[in-house]
Structures are given as C-alpha cells and as structure tokens.
1. Since ALA269 meets every condition but one in (1) crowded, with 19+ Cβ neighbours inside 10 Å; (2) within 14 Å of the ligand (Cβ to nearest atom); (3) more than 18 Å from the chain's Cα centre (by Cα); (4) small (Gly, Ala, Ser), which condition does it not meet?
2. Would you tally the residues in the stretch 77-95 being part of a loop (DSSP other than H, G, I, E, B) and either at positive phi or among the aliphatic types (A, V, I, L, M) (or both)?
3. If the Cβ limit is 6 Å and pairs must be 6+ apart or interchain, which residue in the stretch 68-96 that is closer than 22 Å to GLY188 by Cα pairs with which residue that is surrounded by fewer than 18 Cβ atoms within 10 Å (Cβ to Cβ)?
4. Please list, ordered by residue number, the strands (runs of 3 or more DSSP E) wholly in the stretch 1-76 having 3 or more residues that are crowded, with 16+ Cβ neighbours inside 10 Å and of a type outside the set (S, T, N, Q).
5. Given the criterion more than 15 Å from the ligand (Cβ to nearest atom), farther than 27 Å from GLN143 by Cα and either at pLDDT 95 or above or not charged (D, E, K, R) (or both), identify the matching residue among THR244, THR185.
6. Please pick out the residue among PHE340, PHE311, PHE361 that is modelled with pLDDT of 95 or more and surrounded by fewer than 20 Cβ atoms within 10 Å (Cβ to Cβ).
7. Quick one: is GLU121 outside the structural domain of LYS284 (by TED's automatic domain parsing) and away from the ligand (no atom under 16 Å from the Cβ)?
Amino acid sequence: MGINTQQVRVGMIGYQFMGKAHSHAYRDIPFFFDEGCEPIQQAIAGRNEEAVKEAASALGYASYETDWRTLIKRDDIDLVDIVTPNNTHTEMAIAALEAGKHVLCEKPLALSLLDAERMLEVAEKSNAIHMVSHNYRYAPAVQYAKKLIDEGRLGKIFHVRAQYLQDFIMDPSFPLVWRLKKEVTGSGALGDIGAHIIDLSRFLVGEMKEVNGMLETFVKQRPIGEMSGGLSASVDSKEMGEVTVDDAAIFMSRFENGALGIFEATRFAAGNRNANRFEINGEKGSIRWDLENMNNLEVFFTDDEEGLQGFRTINCTEEVHPYIRAYWPAGHIIGYEHTFLNMISELMKGIKNGYSPKPNFEDGAKNQAVLEAVQQSNETGGWVNVAQLREQARRKLIHS
Ligand code: SOE
C-alpha cells in the first residue's frame, strides 16, 4: 500500500453468495490493483448473530453488527455494500446515502422502477459514489468487445441476441426460496439474470426504445425452504407455497439506434448452468461471448480475405486486453471471481477521484425501466416504450 493510498472502510450488509464474491474481491484487490484507494473490511451486518459472527471470521471482517442500521451509522464506515435480497435494497441504499456513505448495491437495483428512480434521485443529490454490481461488464473479453464496437470495427449494429440460461430450479422439489417470491425479489429469471443481459446490451449497443415480452412460470407450487449457499437450497417443510414470479422471460427490443434485440432469460434450460451469452451482428462483422468460456471472444470481420473469412477465437488474456496486466502473462486465464475484482477496482478509482463508475444508479434505473417494461408488456401483450415508463415514474416521484 503506497503512502498516499486512501483507505475505504467497507461495511457489508449480507453474506451469502454475492457477499462471498464481493468480500473475496475486497481482500484480493491490493494483490493486483493499486488505484491509490484500498478497501478495508471493517464490518459485516446480518440478523442472526451466530451466522454473522461466523461470516465475519470466514470472509475477513474486523467486526459485525446484527442490525444494518447500526452499521450504516458507524463513523468508521465509508462504503456500504448491499448484498441482501432485492426488497431490502431501496431502504438500505437510501439510508446509507443519507448517512453520507458511498454505496455498492447488488442487482437489480430495486423491486420497482419507482423505487429505483427514488434511489437515483437521492444518490444524485448526495456527494456519494454509487454503483450497481453488474460484474459481467468487467470480464476482459466484454470490455474488449466494447472497445471493438466503439472503434467502429463492427460498423452499424443490426442485431443483439442475448441469453442467460440456468437450470438450478428445474426440479419441482427445489424449494420456494426468496428468488421465487415476488414480494422479496420483484421478478424471477427476468430481474435476476435478465437484468444482466439488459445491462450488457445497453453497455455494448445502447439504450432500448421499446420492448415486447412474455413471462412464464412452469412450476407453480414448491415446498417451503431457504437458500443454503451458492444456488443450493434446503426444504424446510412439506407445506407447499405459491411461486409468484417468472421461471422464464423472452422479449424483443428495438434500440434507439435502430438495432433489434432478442433476449431470453430462463432457469429451465437443462444443462446450462450459468450460460450468459451474447452475439452482436454489425455491417462489418459479428462478435460472440459466453460466460462459461469467459476469456474467449469470437469475432468475424467481413473485410477478412476471401477464403479466410470465418469466426475466429481470441483468448482475451494478452496484455492489450483490459485488466489482464493486473494479473498474469498471456494464456494464464482468469475466472468469474475476477470480474468482481475488476469491477471493485473501478469503484475504488471512482471513490479516489470523485465519480460514480458505470454501471451506477442511473444504469440501475435504466435497467429497471426495461425490466418493468417487459413485465407491463407481458400483461398488455403489446409494445411498451421504455423512456415513457421512466417519465411516468419520475412524475410520480415529484408528486409523492
Ligand atoms: C442466480 O441466478 C445468480 O446468483 C444471480 O443472482 C447472479 O446475479 C448471477 O451472476 C449468477 O446467478
């Protein structure tokens, strides 16, 4: 740690799957990055004292609290990291911002667009740095795809084809966990994994003008139970409960720049464990990326010599590829957990230099607007204009 390195004292609220991913990043950042701003794992909050005490020890926090409000009020906390279920994000983030803390919030930002706009309004009025944890933007191959698109290597974009396919809840005996209850999660596959491909397509191609989509719940009732780490869960009783969110979401979009999008987010794609994929087609070529092969980017360029044209695979682990200099020599590859290190290194840079790195709460609200537009479209069966939905939400906020 350099003599001028600013220390950012982190207070985390929650400690399950994303708590582990973020905590690993805080602990390992100093190994690989020196943004002049270094995270210190100061405190972690959780309701169950025995569990949060264990989490503090396992994840490396100097102290713990059993009430998140106490953590937020502590004057030895600079950054609040919210990794609890979606229905807690709004109250926690607004309280943290109003207490003068920087905020990193897991995706999706909120349960509703109105709540997301409220969070954005408070964030913009504060001097705090704010960010939403769409970690996949920070895979080196995705950042390199963005560079190619911005340099015009694909030319005008015609198509975005994005999928996020999982299969962890296909067994009907998988219990009714928080991710399947509307009052806790807001939406199912749409908001949990669809939010990621919405964010990636906005990052790579631009804003969506209108969407048209449908949602489906294949398994309507499940046994009561809870998550037990990662994407595993345990059944707590034979009592059955109603699944109140989508198992799968499919939607089309028309982008403001004229591109067409087709999106699929499902937890019922057997054999696809975490297949977050996109293909982007432009007038000069195409690119393809698949998280399950995250270091590789497949590219096709129409100006390649005739006879030699074809998709070729670039292993994005050369020094010229984003973030790789922080890690290892070419070909030594990096993993899922490094997308969080890359993302949090940008957050540290933002805190040091006084700006909210993207995706910040404005991106969170824009992503939420697309989510809500798809939900509305599913009810009406028609196209929904994304900007109009945001305008309506902001008008409600002014009059609330
Ligand atoms: C479950 O679908 C989940 O943990 C998501 O909540 C994460 O955002 C995704 O990165 C992995 O899968």
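1. Failed condition: (1).
2. To start, the set of residues in the stretch 77-95 that are part of a loop (DSSP other than H, G, I, E, B) comprises 77-78, 83-85.
Subsequent filtering for residues that are either at positive phi or among the aliphatic types (A, V, I, L, M) (or both) retains 77, 83.
Counting residues in the stretch 77-95 that are part of a loop (DSSP other than H, G, I, E, B) and either at positive phi or among the aliphatic types (A, V, I, L, M) (or both) gives 2.
3. Cβ pairs passing all conditions: PRO85/TRP178; PRO85/VAL184; ASN87/VAL184.
4. Working: elements: 6-13, 37-45, 63-65.
Result: 6-13, 37-45.
5. Numbers: THR185 fails: more than 15 Å from the ligand (Cβ to nearest atom).
Exactly one residue qualifies, and that residue is THR244.
6. Values: PHE340 fails: surrounded by fewer than 20 Cβ atoms within 10 Å (Cβ to Cβ); PHE361 fails: surrounded by fewer than 20 Cβ atoms within 10 Å (Cβ to Cβ).
Result: PHE311 is the single residue among PHE340, PHE311, PHE361 that is modelled with pLDDT of 95 or more and surrounded by fewer than 20 Cβ atoms within 10 Å (Cβ to Cβ).
7. Numbers: outside the structural domain of LYS284 (by TED's automatic domain parsing): yes; away from the ligand (no atom under 16 Å from the Cβ): yes.
The answer is yes for GLU121.
Listed here are the residues, each with its yes/no results for (1) outside any loop (DSSP other than H, G, I, E, B); (2) within 30 Å of GLN221 (Cα to Cα).
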| residue | (1), (2) |
| --- | --- |
| ASP236 | yes, yes |
| VAL245 | no, yes |
| MET252 | yes, yes |
| ALA269 | no, yes |
| ARG277 | yes, yes |
| VAL299 | yes, no |
| LEU308 | no, no |
| ILE314 | yes, no |
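The values are calculated or read from the model by the stated rules, or taken from the named source; none is laboratory data. Values in this document were obtained by computation on a predicted structure and should not be read as measured data. As a convention, Cβ positions derive from the backbone with ideal geometry for all residues, glycine included, and neighbour counts pool all protein chains shown.
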